[in-house]
Structures are given as structure tokens and as C-alpha cells.
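Engineer: Submitted below is the structure of interest, expressed as C-alpha cells.
Values quoted throughout were computed directly from the atomic coordinates according to the rules given, and no laboratory measurement underlies them. In this text, all values refer to a predicted model and were calculated from it rather than measured experimentally. Every residue, glycine among them, receives a Cβ derived from its backbone with ideal geometry; neighbour counts consider all protein chains shown.
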Ligand SMILES: *Cc1c(COP(=O)(O)O)cnc(C)c1O
């Protein structure tokens, strides 16, 4: 069986985890966490990066920093993972889903403004497949209406929009280091903070409502409980695993991009013949090969293609069931405007195996099998 995903592993992780144990520093904010913070800040230009226990938690932290209150509204796509919505639903916000663009599967920036009301507090663009949303337009709308922007950049580490790192364009950006993402620590994530004035609030919320981070920097001589908060720090053992990968981020990125390009080139002919559609990378976007997907004609054809691949030893998967059609989406949200593309396009999409270390022979087998399906 060719798996759909294999968690990234370079070999150096084991040694770094052993070091974290030898350091007797296995709780949060140890030496490996600091290395990761520094790397993320250098790479993205964010004023501050803080590792969290997941991207879900990074999103929760962003919702707390924005002081989202019951009845506030948040605009997001329905074609996304439930975590994007959870963070705001937990604060009592009303979720306002808008349609996606069929080319990138990202939120349609031209549909956002019409969904804004006097209760709207934030826009949450999701950079699907590590391909940027139209951020200039989104930031302009946010500025004109005085709204916050939280980027769900879970899939977008190492991706760029017009030379800027995804996650560092909006007020807050949230990364995932789950084992299915390009860079991993098992479970984990990070929040990127643009405004230096928000750093201390973020540190307090992340550290159980205490000013322990200020204390550890030696700026005060004892720490205390100053606000409500939670515990969003990952163990330094997990950070050690991640550090091994961030250190070699270009190696992982280049390997994935090469696999992506092989798929992309190989399916050109099927696209020309009108059988499938390949991903679209708009001008000015640098992606990170987080995933390679194809769009079949419709749901039926997609189901048949997934079965055919499985019979031939290849795992391909689909996602997402649009949030507005899920029970929680109906409870916490509404779809604003017409669902022209969200449901129809998500029904057609399937993801092919994509991970660091995917071999040429496996890629060729996947390509040949897809082509054989369309020759039938
Ligand atoms: C993976 C993912 C998340 C959740 O990440 P976790 O680190 O597992 O919490 C959120 N949003 C999107 C778009 C994702 O792909």
C-alpha cells in the first residue's frame, strides 16, 4: 500500500529528543522551543512566534487575544477543517461562512464585504493547500471596516504571498505541526503575532494567566496570576522533534515541491482532455506543496477513482465536508450568500499521496494508476 501520509522524519529528531531529556528540560519553553521561536520569527518577520500545543490552540489563543464575545460575528470559509470554526464558536461567536473561489478553494475575497455587519469582529482566511488567499484585498477590507484578520495558516509554513510569509500578514497567524503537516512535532502549532504590544498578553494567556514569561526574562522578581488563561505550551521534547525539521526546512520543502511538480506535469494531458483539473497557483504566490489534489468531474467519479486507487494499493482521500452542512456548523453558523462552489467543488476533490520522502517509483505508480482509470 502507498500511504496517503507519512509523518516527516529526518533522523536527527531522536538525538535532539535525547538531548532534551538530558537537559532535564522537558516542560515548555526550554532550549528547543526557543530555537523554534527564533527560527519562526526570522523566517516570517513576525514580531513574536510562540509554540502552542496545536494549531487549534493557536486559533483559540487568537480568539482570546481579540476578546471575541458572545454574539460577535466572524467571517470564514465553510470549506475548512473544523478547528478554524471551533476557536470562535467556543467564545460564543456567530460563524458567518462565505463561498470559496473554485480555482484555489480559498475564501472568495469578493464575497467578504457583503457579509460584514456591525457585529463583525474578524475575518479568518484559510490558506488551503499552502496557497495564499488574496491577502491584499482581505487586509484592505479589514482596514476599512476596522476588523481583525486571523490567518489559519495551518498548512502554509514556508508559503508566501507577494514575498511575505503566510501567517505574518494578518494580526495573528496560526501554524500547525500536526503529523500530517509539512513540519511536525506530533501534535503542535504556533501563533505568530504582528503587533509587539500584544506579545505580553499572548504570553500571559499561554501561561495559565501568569506573567511567568516576564519573570523568566528577569524583568520582574516574582510572578503572579494576572488574568485568565490556559496552558498552551508544548513540551520541549516535542519542540526538539520540530527543531530537527525546521533546521532542514528547505530540504523538506524542496523534496515536496519536486513531488508536487511531477504530479502536476504528469496530469497536464488529462486536464487538456477535460478529465481532471489540477491545482491553480495564482501569480505572486509561492506554495509549499502541502498537498496535491485533483478534481474529478463529480462526486460519483471521485468515489470511483478513490476505489480504483485503493484496489491498486494507493490511498487517496477527500475532504472537507463543508462546515455549514455539519450539525455544529448549523448550530453555530450561517452561510452568507449563495453556496455556488463550496459544496460542488469539495465533492470533486481528491488528494493524492504526498509526504517528505515519497519515492519516484511510488509517484509514478500513482500517476500511471490515475491515467489508467481515465483510459477505461
Ligand atoms: C490541520 C489544520 C488545523 C488544525 O491543526 P492542529 O494542529 O491539528 O490543531 C486547522 N486548520 C487547518 C486548515 C488545518 O489544515
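Engineer: Would you work out if the stretch 103-217 is rounded, prolate or oblate? Take a ≥ b ≥ c from the square roots of the eigenvalues of the alpha-carbon gyration tensor; rounded if a/c is under 1.5, else prolate when a/b is larger than b/c, oblate otherwise.
Structural biologist: Values: a/c = 2.23, a/b = 1.28, b/c = 1.73.
Oblate is the answer for the stretch 103-217, as a/c is 1.5 or above yet b/c matches or exceeds a/b.
Engineer: Specify whether the C-alpha gyration tensor of the stretch 17-125 places it in the rounded, prolate or oblate class, a ≥ b ≥ c being the square roots of the eigenvalues: rounded for a/c under 1.5, otherwise prolate if a/b is larger than b/c and oblate if not.
Structural biologist: Cα axes put the stretch 17-125 in the prolate bin.
Engineer: Tally the DSSP beta bridges in the chain and give the antiparallel ones as a percent, rounded to 5.
Structural biologist: Details: 23 of 41 bridges.
Of those bridges, close to 55 percent are antiparallel.
Engineer: Over the stretch 1-153, what is the percentage of antiparallel beta bridges among all DSSP beta bridges, to the nearest 5?
Structural biologist: Numbers: 1 of 12 bridges.
If I count the DSSP bridges inside the stretch 1-153, around 10 percent turn out antiparallel.
Engineer: Counting pairs of alpha carbon atoms under 8 Å apart in space and at least six apart in sequence, what relative contact order in percent does the stretch 258-338 give? Walk me through the intermediate numbers first.
Structural biologist: On the way: 39 pairs, mean separation 14.1, N = 81.
After rounding, I find 17 percent.
Engineer: If the chain between residue 250 and residue 304 were fully stretched, how many nm would it gain, using 0.36 nm times the residue separation less the Cα-Cα distance?
Structural biologist: 15.8 nm
Engineer: Could you tell me what a quarter of the Cα convex hull surface of the chain works out to, in nm² with one decimal place? Mind showing how you got there, number by number?
Structural biologist: Numbers: hull surface 75.2 nm².
Mean projected area for the chain: 18.8 nm², to one decimal.
Engineer: How far apart, in nanometres, would the label points at residue 9 and residue 325 be if each is projected 7 angstrom from Cα along the Cα-to-Cβ direction?
Structural biologist: Roughly 3.7 nm, to one decimal.
Engineer: Next question, about the same structure. Can you put 37, 127, 24, 287 in order of Cβ neighbours within 10 angstrom, beginning with the fewest?
Structural biologist: Ascending Cβ contact count within 10 Å gives the list 24, 37, 287, 127.
Engineer: Measure nothing but the geometry: give the 0 to 90° angle between the long axis through the Cα atoms of 13-22 and the longest principal axis through the Cα atoms of the chain, rounded to 10°.
Structural biologist: 20 degrees
Engineer: What list do you get for 225, 260 if you sort them by fewest beta carbons within 10 Å?
Structural biologist: The order, fewest Cβ neighbours first, is 225, 260.
Engineer: On to the next question. If one takes the longest principal axis of the Cα atoms in the chain, at what angle in degrees, from 0 to 90 and to the nearest 10, does the Cα axis of helix 31-44 lie?
Structural biologist: Approximately 60 degrees, to the nearest 10.
Engineer: In Å, what is the Rg of the alpha-carbon atoms in the stretch 246-376, and how long is Dmax?
Structural biologist: Reported Rg and Dmax, both Å: 16.4, 46.
Engineer: Moving to a separate point now. For the pair residue 140 and residue 216, what calculated FRET efficiency results from E = 1/(1 + (r/R0)^6), where r is the Cβ-Cβ distance and R0 = 41 Å, to the nearest 0.05? Before the final figure, lay out the partial values.
Structural biologist: Values: r = 39 Å, r/R0 = 0.95.
In this case the efficiency is close to 0.60.
Engineer: Computed FRET efficiency, Cβ-Cβ of residue 69 and residue 223, R0 30 Å: what is it to the nearest 0.05?
Structural biologist: The calculated FRET efficiency here is 0.60.
Engineer: Could you tell me how many degrees, from 0 to 90 and to the nearest 10, lie between the Cα long axis of helix 249-266 and the main elongation axis, the longest principal axis, of the Cα atoms of the chain?
Structural biologist: So the helix axis and the longest Cα principal axis differ by about 20 degrees.
Engineer: Another one. If you rank 128, 356, 264 by fewest surrounding Cβ atoms within 10 Å, what's the result?
Structural biologist: Sorted ascending by nearby Cβ count, the order is 264, 356, 128.
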